[in-house]
Amino acid sequence: MDILAGILISTGLIFFLGTTIGLLRFPDFYSRMHAAGKGDTLSTVVILLGCICLISTQGDLSWILGLKILLIINFIFIGSPTATHAMMDAGNKAGAKPWKKDAD
Amino acid sequence: MPSLPIWQFDVPLLILVVLFAVVALSIRNLMGTAIVFGAYSFMMCLIWAGMGAVDVAFTEAAVGAGVSTVFIVSTIYNTSATMPPRPGGLPFKLFIGVVVTLTGVFLLSAIPDFPKWGEPNSPANATVAPYYISNTIADAHVPNIVTTVLADYRGFDTLLETTVVFIACIAIYSILRVDEARSKTEDSGPVDAEPHYDPSDSLIVRQASRFMVPFMQLFALYVIAHGHYSPGGGFQGGVILGASLILVAISFDLKFLLAQWREKQIMLMVAWGVFLYAVVGLGCVFMGGNYLDYGFLNPVLPGEQDMARSHGILLVEIGVGITVMFSMIGIHINLASNGHFDRGL
């Protein structure tokens, strides 16, 4: 279980690294939000799954803790993409122009 | 048991906190400052959680990073995100610099007088804390010592804190609320002419918040009721309840919220929370005890003296929760609608 937890958490950290690089390197608002939204949600979910594996061996009541973390995953899975959508929509209405290859 | 605080976590977090403070002061756009302050609060929350003060961390996450960021953003919505140029020439700046440096030096000079973190012989740890730790189960049947200290041993403090929240809400009402009948000046809503984003346009945001809000409120009730056993209590649960209704106000419409809670009802509920707290205290007096001595409520509440104290704590936590929840909603509506209670963020 600990090995599985290690694999999941390091996968999540790699996704976080990708998110950060995308946030810094992508050319315009929309692609940066794309990197932030997708990478952030997935890596958080994967890291929390790793946490479930990590605590699942500790004591009789660890399944309650696991259930709580599953609920957190559920809400992150709903809340984070919605927030990304709201920010994208706001950017669109504020007039952020998408990046084009020939324009730059 | 690893020794707390874990300095490998704490040192980077403290450096980040200082960095965030500097960044927040140097950003010229106030919206950016608000967001950086939110991040600052989250870092402080992590530091407190690392020190083992989970209740404080919880409050900071709910109040500092959550609701107050929303308050600042809705204030910016009704004013302007650009900062005016700073006043004063070089002498003024020098004067400010000297004052700030002197204050900092005085504050830092007090550090050697503090006891070390976790020092067993410091006054706080040597006198009352051992009594709380060894007697909380016998006195009130509450495993979470923070809750017992907050609502029972230090019940007067918390009563007055709740009153402070109540007074703050009244103050914001009296400053911001516009009396439509009496006001002659034409105030045309937000000063900013920029195109504002209205989240209530988006079906996705509305549906997501429609799904989330009941669970948020359920969690808030759990936080209030389970505060005896886990971190939480009236303040945190009240703020989460208020935040859930603020989410409704943002993602649907201010009118949608005001159709369910009218202004008078909100203000009345703010007062009812403090009233419930005070009445529980008075009840103890009528039962023959001191003010807020919940043990004397055991003819009314189920259980023996210790369980009666536990239930008394629950009652006052509910009072705190009601006051905090409705003050948060009232403050948000006032800030978002510029005191008009019609439309806004």
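The values are calculated or read from the model by the stated rules, or taken from the named source; none is laboratory data. These numbers were taken from a predicted model, which means no experiment stands behind them. A quick note on method: Cβ atoms are made from the backbone with ideal geometry, for glycine too, and the neighbour counts reach across all protein chains shown.
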>> From the list B:Thr136, B:Thr162, exactly one residue is out of contact with any Cys (no Cβ under 8 Å at 6 or more places or on another chain), within 22 Å of B:Tyr277 (Cα to Cα) and not assigned by TED's automatic domain parsing to the domain that holds B:Leu268. Which is it?
In response: B:Thr136
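Only one of these is at the interface with chain B (Cβ under 10 Å from one of its Cβ atoms) and over 15 Å from the mean Cα position of the chain (by Cα): A:Leu61, A:Leu67, A:Leu54, A:Leu71. Name it.
A:Leu71
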> How do the pairs read when you match residues in region B:210-224 that are part of a helix (DSSP H, G or I) with residues anywhere that are charged (D, E, K, R), using Cβ under 9 Å and keeping only pairs 6 or more apart or on different chains?
Replying inline: B:Ile224/B:Glu317
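Any idea which of B:Ile331, B:Ile318 is assigned by TED's automatic domain parsing to the domain that holds B:Gly237, buried (at least 22 other Cβ atoms within 10 Å of the Cβ) and either more than 30 Å from B:Asn78 (Cβ to Cβ) or not hydroxyl-bearing (Ser, Thr, Tyr) (or both)?
Numbers: B:Ile318 fails: buried (at least 22 other Cβ atoms within 10 Å of the Cβ).
One residue alone meets the criteria, B:Ile331.
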> Do we find a residue being part of a helix (DSSP H, G or I), touching an Asp or Glu at 6+ places or on another chain (Cβ under 8 Å) and surrounded by 12 or more Cβ atoms within 10 Å (Cβ to Cβ) anywhere in region B:152-175?
Replying inline: yes
> in a helix (DSSP H, G or I) and loosely packed, with under 12 Cβ neighbours inside 10 Å: does that describe B:Thr101?
Replying inline: yes
> B:Thr59 is checked against (1) surrounded by 12 or more Cβ atoms within 10 Å (Cβ to Cβ); (2) over 17 Å from the mean Cα position of the chain (by Cα); (3) of a type in the set (Val, Ile, Thr) and fails just one. What number does that condition carry?
Replying inline: (2)
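What helices (runs of 4 or more DSSP H), lying completely within region B:228-345, carry at least 3 residues that are closer than 27 Å to B:Gly64 by Cβ and touching a Gly at 6+ places or on another chain (Cβ under 8 Å)? Talk me through it step by step, then tell me what you get.
Working: elements: B:234-251, B:254-260, B:263-286, B:305-336.
In region B:228-345, the matching helices (runs of 4 or more DSSP H) lie at B:234-251, B:263-286, B:305-336.
Restricting attention to region A:86-104, report how many residues are in a helix (DSSP H, G or I), facing chain B (nearest Cβ under 8 Å) and either surrounded by fewer than 16 Cβ atoms within 10 Å (Cβ to Cβ) or in contact (Cβ under 8 Å) with a residue 40 or more places away in the chain (or both). Steps first, please.
The initial filter retains those residues of region A:86-104 that are in a helix (DSSP H, G or I), namely A:86-94.
Restricting the remaining residues to those that are facing chain B (nearest Cβ under 8 Å) gives A:86, A:89-90, A:93-94.
Imposing the further condition that a residue be either surrounded by fewer than 16 Cβ atoms within 10 Å (Cβ to Cβ) or in contact (Cβ under 8 Å) with a residue 40 or more places away in the chain (or both) reduces the set to A:93-94.
The total comes to 2.
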>> Looking at B:Val54 and the list (1) in contact (Cβ under 8 Å) with a residue 12 or more places away in the chain; (2) more than 22 Å from B:Met216 (Cβ to Cβ); (3) among the β-branched types (Val, Ile, Thr), which single condition is not satisfied?
In response: (2)
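Taking B:Gly232 as the residue in question, decide whether it is in contact with a His (Cβ under 7 Å, 6 or more places away or on another chain) and away from every other protein chain (no Cβ under 13 Å). Break it down into steps so the answer makes sense when it comes.
Working: in contact with a His (Cβ under 7 Å, 6 or more places away or on another chain): yes; away from every other protein chain (no Cβ under 13 Å): yes.
Against the criterion (in contact with a His (Cβ under 7 Å, 6 or more places away or on another chain) and away from every other protein chain (no Cβ under 13 Å)), B:Gly232 qualifies.
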> Can you tell me how many residues in region B:116-144 are surrounded by fewer than 18 Cβ atoms within 10 Å (Cβ to Cβ), within 28 Å of the chain's Cα centre (by Cα) and either among the hydrophobic types (A, V, I, L, M, F, W, C) or part of a loop (DSSP other than H, G, I, E, B) (or both)?
Replying inline: 8
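Within region B:197-208, which residues are at pLDDT 85 or above and facing chain A (nearest Cβ under 8 Å)?
Within region B:197-208, the subset at pLDDT 85 or above is B:203-208.
Those that are at pLDDT 85 or above and facing chain A (nearest Cβ under 8 Å): B:Ile204, B:Val205, B:Ala208.
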>> With the requirement that a residue be more than 9 Å from every other protein chain (Cβ to nearest Cβ) and either within 12 Å of A:Val45 (Cα to Cα) or in contact with a His (Cβ under 7 Å, 6 or more places away or on another chain) (or both), what does region A:75-85 give you?
In response: A:Ile76, A:Phe77, A:Ser80
>> Please go through (1) within 22 Å of the chain's Cα centre (by Cα); (2) in a helix (DSSP H, G or I) for B:Leu19 and return the number of the only condition it doesn't satisfy.
In response: (1)
